[in-house]
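The values are calculated or read from the model by the stated rules, or taken from the named source; none is laboratory data. The model shown is predicted, which means the values in this text are computed figures rather than measured ones. Methodologically, a virtual Cβ is constructed for each residue, glycine included, from the backbone with ideal geometry; neighbour enumeration extends over all protein chains shown. Heavy atoms of the whole protein, side chains included, go into the accessibility calculation; ligands, DNA and RNA do not. Shrake-Rupley method; radii C 1.70, N 1.55, O 1.52, S 1.80 Å.
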Amino acid sequence: MSAAAISPAVPKPAHVPDALVYDFDMFRDPAYVADPHKRVLDLVKNAPPIFWTPRNGGHWMLLSHAANFNAARDTEAFTSEFIPKAELAAMKARMPPGMPHIPIPIPINLDPPDHTKYRAPLQRVFSPKAILAIRDSIVALATELVDAVKERGHCEFMKEIAEPMPVQVFLKMLGLPLDRQDEYREIVAAHLSDPSPDARAMIPKLQRIAASMNDTFLARRDNPQDDIISLLWKIEVDGKQSTIEDMQNYGVLLFIAGLDTVMNGIGHGVRHLAQNPDLQAQLRANPKLVPEATEELLRRYTFTVPPRLVARDMTFEGVEMKARERAMLFLPAADLDSKEYPQSESFDLNRENKVHIAFNAGPHRCLGSHLARVELQVIYEVLMARLPTFRLDPDKPPTFHCGHVVGVDSLNLVWDV
Amino acid sequence: MKIRINKSACVGNARCAAVSEQLFPLDDDGYIAVEEVDVPPGMEELARKGARACPERIIVIEEE
């Protein structure tokens with residue numbers, strides 16, 4: 001990935017002042033891909049708190065905590081509906097009969113009040129109480145995966161532990177077959193690495209995701225089980241029961257959000273642990289510190305970059321923006337804002353304010369955040385309990401990819417046996 | 001001491017409940033269930049900590 005060329009620059013719109021232009025390719029900037037959060041710290045220090053980059057079609061980047069917090073909570077100014085409702089309806093009306101449905105990831109690509117209606121049925125299955133009920137099964141899975149590599153003295157942590165753990169938990173929750181894990185992962189990784197600035201260009205990819213789940217949708221409609229896909233068939237929004245189109249809309253979102261996020265959070269956290277044997281010693285001596293450490297790792301290595309569209313011409317935090325311009329909630333920078341977190345680059349378990357927005361702020365707060373937190377805490381606990389001090393393999397440094405999810409591609413660990 | 005919560009602005013982070021489930025009860029969806037809580041004596045520090053833990057900053061403490 002690091003070898004890929006950065007995207008061509010587009011001309012700056014007239015209303016963007018030169019002082020707010022900063023050249024940054026959020027998919028392929030070489031320093032960013034080499035060591036993502038190091039480059040984020042550099043941006044936090046040296047780039048304007050809100051800037052416009054000419055890369056990937058040209059878009060705004062929101063860096064400061066205040067800008068991200070305020071934009072995320074103002075869904076009338078920053079919309080998540082990338083294809084406007086009227087345009088979507090017109091596209092559908094033009095389609096010949098028999099064409100596949102255009103899946104729209106919901107509820108993430110809706111604004112309130114529709115967002116609220118479509119999200120409500122999912123809240124309970126992702127609530128803290130529901131997740132607590134499956135915690136033991138997550139511990140068992142994590143233990144099994146760690147024990148499988150323990151005697152070997154080394155592992156490629158992403159492929160062997162960080163990926164299978166949350167992916168298997170999530171496929172089981174959804175009701176998708178575990179034996180198709182590799183195929184699903186390939187589809188979702190291809191989807192998220194696409195830097196296309198046009199939401200319409202994503203339609204075939206979303207259709208591919210929906211198609212990969214269709215057998216299961218139909219099987220659960222006729223023969224419900226105790227899983228999320230079966231539950232979604234039973235819900236009603238505005239008094240109407242789910243259709244196969246609704247299932248595809250929900251399905252693409254859950255698929256994308258569930259299969260490529262937590263594993264990367266785990267990767268960033270475990271890399272930090274591997275570089276900091278003192279922190280490992282502290283957590284081994286006192287496992288009760290793991291939840292606090294999890295929060296501080298989330299703050300230090302926030303890794304998602306949700307996109308928004310500017311909904312109308314406006315001045316936001318002193319910056320003139322025009323309707324339909326794209327703006328990225330650059331949450332990794334928000335959580336490293338030194339105005340909010342003094343000495344933001346230090347991982348500090350005793351930091352007074354560890355209240356981060358790694359799961360975003362406002363109504364789109366990550367629906368899976370409670371699941372993610374438990375998975376992160378569990379893997380750190382299990383690693384501390386089952387493995388001796390582990391460190392990075394000096395011959396194989398970690399590799400990364402960047403985009404809407406800032407992820408870890410490979411993380412080679414070694415320990416003494 | 002009283003806790004006041006702007007309940008309609010809750011987005012379900014549940015960080016307050018992670019500090020004290022007793023002071024910050026959640027509904028079945030994981031959102032805050034109350035708007036106002038009288039803090040029992042001895043729980044003042046937990047109340048302050050729970051209020052600070054809210055990423056949405058919608059919990060305020062009224063000291064007496």
Compactness summary of the range A:338-417: radius of gyration and Dmax from Cα atoms, Å, are 16.1, 48
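With a Förster radius of 22 Å, plug the Cβ-Cβ distance of residue B:27 and residue A:116 into 1/(1 + (r/R0)^6) and report the FRET value to the nearest 0.05.
The formula returns an efficiency of 0.90 here.
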Expected max-MSF residue from A:70, A:264, A:46 in the GNM of chain A (alpha carbon, under 10 Å) is A:46
Rounded to one decimal in nm, the spacing of the 7 Å Cα→Cβ label points at residue A:10 and residue A:159 is 3.7
Rounded to the nearest 10 Å², the accessible area of residue A:324 using a 1.4 Å probe with every protein chain kept is 120
Of the convex hull enclosing the alpha-carbon atoms of the range A:23-81, the direction-averaged projected area in nm² is 4.5
With every protein chain in place, the accessible area of residue A:12 for a 1.4 Å probe, in Å² rounded to the nearest 10, comes to 80
Heavy-atom accessible area with a 1.4 angstrom probe orders A:150, A:38, A:92, A:354, most exposed first, as A:38, A:92, A:150, A:354
When every protein chain stays in place and a 1.4 Å probe is rolled, A:367, A:383 sorted by accessible area with the largest first are A:367, A:383
With a ≥ b ≥ c from the Cα gyration tensor eigenvalues, square-rooted, and the rule rounded for a/c under 1.5, otherwise prolate when a/b > b/c and oblate otherwise, the protein assembly as shown is rounded
Taking R0 as 22 Å and r as the Cβ-Cβ distance between residue A:201 and residue A:77, the FRET efficiency 1/(1 + (r/R0)^6), rounded to the nearest 0.05, comes to 0.30
Taking N as the residue count of the range A:1-116, its alpha carbon Rg divided by 2.2 N^0.38 Å gives 1.34
Taking only C-alpha positions in chain B, Rg and Dmax in angstrom work out to 10.3, 32
The Cα radius of gyration of the range A:155-240, divided by 2.2 N^0.38 Å with N its residue count, comes to 1.28
Note: the range A:263-417 at 25 °C, 0.890 mPa s; Kirkwood Rh on alpha carbon pairs; Stokes-Einstein D in µm²/s works out to 144
Per DSSP loop assignment and a cutoff of at most 12 other beta carbons within 10 Å, chain A keeps its longest run without exposed GluC sites (Glu not before Pro) at A:152-351
The simple spin-label model distance between residue A:415 and residue A:140, using points 7 Å out along Cα→Cβ, in nm, is 2.3
Taking the dipole of the range A:274-334 about the Cα centre (Lys, Arg +1; Asp, Glu -1; charges at Cβ), the one of A:282, A:321, A:293 that reaches farthest to the positive side is A:321
Inter-part gap, Cα centre of the range A:63-138 to Cα centre of the range A:325-348, in whole angstrom, is 24
One finds the C-alpha centres of the range A:358-417 and the range A:15-37 to be spaced, in Å, by 25
In nm, the gap between the two label points placed 7 Å beyond Cα toward Cβ at residue B:45 and residue A:99 is 6.4
Once phi for every residue in the range A:192-200 is put through the Karplus expression 6.51 cos²θ - 1.76 cosθ + 1.60 (θ = phi - 60°), the whole-Hz ³J(HN,Hα) values, with Gly and Pro written as x, are 7, 8, 7, x, 3, x, 9, 4, 5
Taking R0 as 41 Å and r as the Cβ-Cβ distance between residue A:89 and residue A:133, the FRET efficiency 1/(1 + (r/R0)^6), rounded to the nearest 0.05, comes to 0.50
Using a 1.4 Å probe on heavy atoms of the protein chains only, the accessible area for residue A:52 in Å², nearest 10, reads 10
